[in-house]
Every structure is written in structure tokens, then in C-alpha cells.
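Structure first, commentary second.
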Amino acid sequence: MAPVERIHARYLIETPLDPAAVAEVMAGEQSCGTFTRVEGETDALRERARATVEAIAEVAPAEAPSLPNALLERKGARGPWRRAHIDISFPAANIGANLPTLAATVSGNLYDLGEVTGLRLESLRVPAAYRAQFEMPRAGIAGTRRATGVASGALVGTIIKPNVGLSAAETAELVARLCAAGVDFIKDDEVCADPAHAPLAERVPAVMAVVRAHQERTGKHVMVAFNITDETDAMKRHADLVEREGGSCVMASLNWCGHSGIQSLRRHTGLALHGHRNGYGALSRHPLLGISFQAYQTLWRLAGVDHMHVHGLQGKFSQADSEVIESARDCFTPLTDAADDRVMPAFSSGQWAGTVPATWAAIGSDDLLFMAGGGILAHPDGAAAGVASIRQAWSAVRNGIALEDAARGAPELAHALAFFGKP
């Protein structure tokens with residue numbers, strides 16, 4: 001008899017109860033059972049379909065509950081508030097090739113369990129045959145490099161600013177300046193998709209006209225990630241427009257389009273799919289609630305995205321550098337050993353030439369999108385100097401040269417350090 005394929009999930013829980021008992025509740029709740037055995041729940045059925053508790057490892061307890069729990073409060077629970085890592089495996093046959101149901105199985109009602117005062121999905125692993133039933137990236141790292149003509153070095157990108165308010169013509173004028181400045185990649189902001197003052201029906205043709213003109217002059221194709229976030233049929237129409245105009249990339253806000261929406265978009269278009277994770281902080285910032293990036297990006301990679309945002313080192317957001325580093329490494333790690341489904345991490349938020357050394361030291365790779373808004377557009381000598389300063393910084397770190405030393409022969413880098421690096 002062939003072995004049963006199983007999906008493995010690891011959780012961190014907090015509870016005043018016995019963690020082993022809570023683990024069994026978790027396994028039953030997310031497979032064939034509930035808090036007690038019900039009619040029809042035979043031993044044979046449970047053997048075939050029930051999730052299995054694989055391991056329990058207690059860690060140091062908490063002094064107080066992390067989250068409120070009305071049920072435990074009604075029961076007068078007083079602690080100690082025990083914490084444990086719980087490994088549970090789920091039969092893949094319970095789920096099938098169904099991404100929304102996979103997400104509902106490994107998280108779903110678990111967050112509402114009355115037995116816990118904290119629960120976080122920490123990691124998710126899927127078997128190779130199961131992964132093969134889902135979408136693969138169409139571009140990934142290698143395809144993104146081919147499309148942009150950047151064979152080596154970090155891809156230098158930027159974000160259209162102002163975020164909203166520019167007309168289609170004004171956006172195209174800005175894109176023309178950015179292309180001339182030497183960027184490899186330009187993206188819309190997540191809050192600018194199809195506004196009345198610059199609808200995609202006008203913005204895409206206007207922008208792609210200048211991108212094509214730049215390519216005709218220089219041979220360089222600048223990848224533009226148009227934000228087509230919308231309902232599914234509209235996203236398909238928008239992607240078709242981008243493709244007709246010679247574009248190579250579209251962007252979608254993953255959390256708000258949903259797994260099935262992104263899957264449908266992936267199956268519809270061969271364009272690179274730039275996955276923006278805005279809203280992820282609501283799922284991740286509390287250490288005893290939500291989902292870690294490893295599990296989060298696993299689900300979205302099964303939907304077939306090509307790029308994943310990880311924020312940036314020494315950036316403007318709340319994540320510690322260690323979390324950004326771990327997230328980038330997750331993107332570089334194949335989900336299974338059977339295929340190369342790595343995706344390109346997109347570093348963004350407060351990035352400029354001065355954050356390059358920390359990025360290189362931590363990641364040791366330039367297979368990434370290094371996106372700077374103010375770091376390019378606010379450079380005192382203009383956008384072209386901003387791009388040059390970032391490229392000079394990458395060249396320096398790859399050759400083991402300190403930025404201050406490299407800046408002696410690189411005025412763009414020197415001015416960036418003086419301007420952005422001042423207290």
C-alpha cells in the first residue's frame with residue numbers, strides 16, 4: 001500500500017491546559033473530528049483522515065495570557081500559561097489540489113480555539129507530488145533577469161511617487177525619466193490601481209509607449225509592475241492590456257485578492273506576477289498570533305507568484321532585520337527538492353545606497369529586487385544619480401570595499417552618503 005502523503009505544519013501555542021491535550025483538539029478540529037467523537041466517526045475513518053500529532057516540545061511559560069479568551073475566563077483559568085511547539089501532519093487527500101482549503105486547514109478555526117490564549121502557524125511543508133499539482137512561477141529569478149537583461153547584480157528598482165494623484169500622462173512622463181535614469185524595475189504603489197484620474201485603460205498604454213521608446217533607443221527593457229489589484233475578471237482584462245502593450249509584469253495585493261484570485265490570474269497570464277504583501281503585518285506582528293512568513297509565502301508560492309515583498313534592512317517598517325533576512329532566505333529556498341520554484345525577494349521600505357552593505361552581508365546574493373523610492377527620487381543630484389549611487393554601492397560591497405572608500409571616486413555615492421546618512 002502506497003504511503004499516505006502528508007502536509008506538515010508547526011505551531012506555537014499558549015494554553016493553561018495540557019499542551020498534549022490541546023494538540024489533539026487541534027488535530028481533530030482541522031480534520032475529521034470535533035471536541036468529541038460523533039456519529040459516523042469510525043476507527044477506520046479516523047485512521048484514514050484524521051490529522052496526526054507528530055511532536056510536542058514545551059518551551060518557557062508566560063507570566064500572563066497573550067490574548068483574551070472568554071471561554072477560559074468563564075472557567076476561571078489562572079495559568080500557568082504553558083507554551084509549546086506542536087507539529088501536526090494532515091493527510092493531503094483530505095484537501096486535494098485546493099489552495100483555499102489548504103489555507104483553511106492549516107490555520108482556519110485554530111485561531112478561535114477556546115483552549116488557547118495564543119496560536120501561531122510557524123512553518124508549512126508540502127510533499128513534492130502535492131506541490132506539483134499547483135502553479136509554478138512563470139518568471140521567478142531567472143525569467144526576471146532575462147526580461148530585464150540584467151544577467152548579474154541586484155536589480156535596481158523604484159516606486160512611482162507620488163503614490164496617487166498623477167494623471168496617466170504625468171505618470172508616463174515620470175516613467176520616462178526613471179527609464180532614462182537607468183532603473184531596471186518600476187512598480188506602482190499598492191494604493192494606486194485603477195483610479196479615476198489615471199485608469200489603467202489610459203495609464204498602461206501611456207506608460208508602455210515610453211518604455212517601448214526607451215527600449216528602441218537603448219535595447220533595455222524596463223520591467224513595470226502595473227498594480228492590477230481588482231476582482232478576478234477585471235485583473236484578467238488588465239493583464240491582457242499590459243501584455244498587448246508589450247509589458248512584462250503585473251502586481252497584485254495578495255491578501256486582498258485572495259488565493260483563488262491569484263491562482264486564476266496566474267493561470268490566465270504569462271506575465272511576471274509581483275506579489276505585494278501589504279496587510280501582512282496584521283497576520284504576523286503579534287508573536288503569539290497569526291502566521292510566520294515561511295508558511296505565508298509557501299501558500300502564495302503555490303499560487304504561482306514570481307516576486308515576494310520582504311521589506312528591507314534598516315528600513316522604515318516594524319520588522320527586525322533578522323525577520324527580513326529570514327524572509328528573503330525563505331524565498332530562495334525551493335518548496336521541495338523536485339523543482340526550482342524559487343522566487344525573487346523584493347527589498348523595499350527606506351532603502352538607499354547606505355542599506356546595501358547590510359543587505360549584501362546578510363543575504364550574500366544579488367538575486368533580488370532592490371527598490372528605493374526616496375533613495376532614488378530624492379537624491380540631491382537627481383534620479384539618475386540616485387540609481388548610480390545604488391549601483392556603486394553594490395559594486396563596492398561585491399568587491400569588499402567600504403562605501404566610504406568607494407565614494408572617493410564616486411560622487412553620486414558620496415552625495416548619497418552625505419545627504420541620506422546625516423543624523
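The values are calculated or read from the model by the stated rules, or taken from the named source; none is laboratory data. Just so it is clear, the structure is predicted and the values come from calculations on it, not from any experiment. Positions of Cβ are backbone-derived with ideal geometry, glycine not excepted, and every protein chain shown enters the neighbour counts. Note: areas computed on protein heavy atoms with side chains; ligands, DNA, RNA excluded. Shrake-Rupley method; radii C 1.70, N 1.55, O 1.52, S 1.80 Å.
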Worksheet, complete the sentence: The correct count of residues that are charged (D, E, K, R) and out of contact with any Gly (no Cβ under 8 Å at 6 or more places or on another chain) in the stretch 349-397 is 2
Worksheet item: Is there a residue in the stretch 401-412 that is of a type outside the set (Lys, Arg) and either at positive phi or in contact with a Phe, Trp or Tyr (Cβ under 7 Å, 6 or more places away or on another chain) (or both)?
Response: no
Worksheet item: Which of the residues spanning the stretch 115-142 are open to solvent by 10 Å² or more (accessible area, probe 1.4 Å) and either modelled with pLDDT under 95 or assigned to a helix (DSSP H, G or I) (or both)?
Response: 128, 129, 141, 142
Worksheet entry | Test for residue 206: is it part of a helix (DSSP H, G or I), farther than 30 Å from residue 324 by Cβ, free of Cβ contacts under 8 Å to residues at least 60 places away in the same chain and not β-branched (Val, Ile, Thr) | yes
Item to complete: Output yes when any residue across the stretch 243-253 is within 25 Å of residue 141 (Cβ to Cβ), in contact with a helix residue (DSSP H, G or I) (Cβ under 7 Å, 6 or more places away or on another chain) and part of a helix (DSSP H, G or I), and no when none is.
Response: no
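Regarding residue 391, is this residue of a type in the set (D, E, K, R), at pLDDT 95 or above, assigned to a helix (DSSP H, G or I) and under 12 Å from residue 156 (Cβ atoms)?
Numbers: of a type in the set (D, E, K, R): yes; at pLDDT 95 or above: yes; assigned to a helix (DSSP H, G or I): yes; under 12 Å from residue 156 (Cβ atoms): yes.
So residue 391 fits the description; yes.
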Response to the item:
residue 317 fails exactly one of (1) of a type in the set (A, V, I, L, M, F, W, C); (2) open to solvent by 10 Å² or more (accessible area, probe 1.4 Å); (3) at pLDDT 95 or above; (4) in contact with a Gly (Cβ under 9 Å, 6 or more places away or on another chain), namely (3)
Discussion item. Checking the conditions here, which among 253, 248, 284 is touching a Leu at 6+ places or on another chain (Cβ under 9 Å) and hydroxyl-bearing (Ser, Thr, Tyr)?
Written reply: 248
Worksheet item: For the stretch 41-60, how many residues are modelled with pLDDT of 95 or more and either of a type in the set (A, V, I, L, M) or assigned to a helix (DSSP H, G or I) (or both)?
Response: 6
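Out of everything in the stretch 378-404 that is in contact with a strand residue (DSSP E or B) (Cβ under 9 Å, 6 or more places away or on another chain) and open to solvent by less than 10 Å² (accessible area, probe 1.4 Å), what residue ends up being nearest to residue 366 (Cα to Cα)?
Of the stretch 378-404, the ones in contact with a strand residue (DSSP E or B) (Cβ under 9 Å, 6 or more places away or on another chain) are 383, 386-387, 390-391, 394.
Add one more test, that the residue is open to solvent by less than 10 Å² (accessible area, probe 1.4 Å), and what stays is 386-387, 390.
On the way: 386: 18, 387: 16, 390: 13 Å.
Looking at residues that are in contact with a strand residue (DSSP E or B) (Cβ under 9 Å, 6 or more places away or on another chain) and open to solvent by less than 10 Å² (accessible area, probe 1.4 Å), I get 390.
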Discussion item. Given the criteria out of contact with any helix residue (DSSP H, G or I) (no Cβ under 8 Å at 6 or more places or on another chain) and crowded, with 24+ Cβ neighbours inside 10 Å, does residue 346 qualify?
Written reply: yes
Worksheet entry | Output for the stretch 271-324, where each listed residue is closer than 16 Å to residue 255 by Cβ, in contact (Cβ under 8 Å) with a residue 60 or more places away in the chain, outside any loop (DSSP other than H, G, I, E, B) and of a type in the set (S, T, N, Q) | 298
Worksheet item: Within the group 240, 230, which residue is open to solvent by 40 Å² or more (accessible area, probe 1.4 Å), part of a loop (DSSP other than H, G, I, E, B) and without any contact (Cβ under 8 Å) to a residue 60 or more places away in the chain?
Response: 230
